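Data block below; observations after.
The values are calculated or read from the model by the stated rules, or taken from the named source; none is laboratory data. Quantities reported herein were computed from a predicted structural model and do not represent experimental measurements. Positions of Cβ are backbone-derived with ideal geometry, glycine not excepted, and every protein chain shown enters the neighbour counts.
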Amino acid sequence: MNFAGTHVFITGASGGVGLVAATAFLRAGAKVTLHCNSNTSAALAVASEFNNNNNKPIAFVVSANVTSESDVSRCVSESVSALGPISTLVVCHGIWPTDDIQVKDLSLARWKNTLAVNLDGTFLFAREYLRQLDAAVKANIQLTNVAIVMIGSTAGKFGEAFHADYSASKSAMMYGLTLSLKNEIVKVHPKGRVNTVSPGWIRTPMAEKAMNDPSLLYQALASSPLKKVSEPHDIAQAILFLSSSDMSGNITGISLDVNAGMEGRLLNKPTDFATTKPSKL
């Protein structure tokens, strides 16, 4: 996959999938803006490595609160000034509150915060991306690999008990937002595409608690034929595939599962049936 000359903007590139994807894009010849919320150390190290090995800067690091309109607008503007118009937007940022809480006990504050980061932040970046894309098209600037790729989740497909806030934010992104934007982006650029990569468990710090709980890990992998937890590299490769016009130029509006073939989540354990008989139809 050749991304020479393509400017890719990646949100949530301070670590995990975002940082691995940024490195993969840079190796494929892209110019990359790495967005971080606050901790920029890893992103700056990657940017320094690639910039030192090139005649001119190809990596740029910005920080912004994803829920702030002014922050998002500023960092996209800075990115365009540094590396030129953005061809590809990759939305990798997100939060997964670790506490297991039923909806009946869920605070409005947690609900609002999860949706603000995961969904509002995605909307704000998509809006700024489309605005600068519109300006580039009107200025007759030729762009390749025009695409938005967002990171969904199996939680958005199957639901996730005790994490309804996270599940709802990902469902809205994977379906309502993706399917709407894929019909709008072509009004700005005729070859623009919008897709989502939807992983299962990924071996990242955000999933550390679940990865260390054998019972949770079993429930997550029991319906996956490959019985594999994804590595960040697995997700990054799917992102590059959906970003590439050469590889996926006629694919838009999909949610691509990268989850070892997961068919759902196990809701009950064998011990749950020890004292309760299944009801008859």
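Brief remarks on what is shown
- Qualifying residue in region 73-92 (condition: surrounded by 15 or more Cβ atoms within 10 Å (Cβ to Cβ) and more than 18 Å from HIS7 (Cβ to Cβ)): no
- ALA139 modelled with pLDDT of 95 or more, small (Gly, Ala, Ser) and touching a helix residue (DSSP H, G or I) at 6+ places or on another chain (Cβ under 9 Å): no
- Assessment of region 53-73 against the conditions (closer than 21 Å to MET173 by Cβ and in contact with a strand residue (DSSP E or B) (Cβ under 7 Å, 6 or more places away or on another chain)) yields at least one matching residue.
- Selection count, region 124-164, where residues are over 20 Å from PRO190 (Cα atoms) and more than 13 Å from the chain's Cα centre (by Cα): 10
- As a summary of the residue check, ASP100 satisfies the conditions (1) under 25 Å from PHE3 (Cβ atoms); (2) part of a loop (DSSP other than H, G, I, E, B); (3) among the charged types (D, E, K, R) except for the one numbered (1).
- Taking the numbered list (1) touching a residue at least 24 places away in the same chain (Cβ under 8 Å); (2) under 19 Å from the mean Cα position of the chain (by Cα); (3) crowded, with 19+ Cβ neighbours inside 10 Å in turn, SER167 passes all entries but (1).
- Answer residue from region 180-229, given it is part of a helix (DSSP H, G or I) and under 19 Å from the mean Cα position of the chain (by Cα) and is nearest to THR6 (Cα to Cα) among those: ILE185
- Entry remark, region 230-250: residues being within 18 Å of ALA21 (Cβ to Cβ), at pLDDT 95 or above and in a loop (DSSP other than H, G, I, E, B) number 1 in total.
- Test: residue in region 90-98 that is among the polar types (S, T, N, Q), closer than 27 Å to ALA238 by Cβ and modelled with pLDDT under 95: yes
- Top-ranked residue of region 2-36 - restricted to ones that are outside any helix (DSSP H, G or I) and surrounded by fewer than 19 Cβ atoms within 10 Å (Cβ to Cβ), ranked as modelled with the lowest pLDDT: ASN2
- None of ASN268, ASN195 is within 20 Å of VAL20 (Cβ to Cβ) and either buried (at least 21 other Cβ atoms within 10 Å of the Cβ) or modelled with pLDDT under 80 (or both) except ASN195.
- Counting the residues of region 184-201 that are touching a residue at least 24 places away in the same chain (Cβ under 8 Å), more than 30 Å from ASP105 (Cα to Cα) and out of contact with any strand residue (DSSP E or B) (no Cβ under 6 Å at 6 or more places or on another chain) gives 5.
- Checking the stated criteria, SER215 turns out to be surrounded by fewer than 18 Cβ atoms within 10 Å (Cβ to Cβ), farther than 20 Å from LEU124 by Cα and polar (S, T, N, Q).
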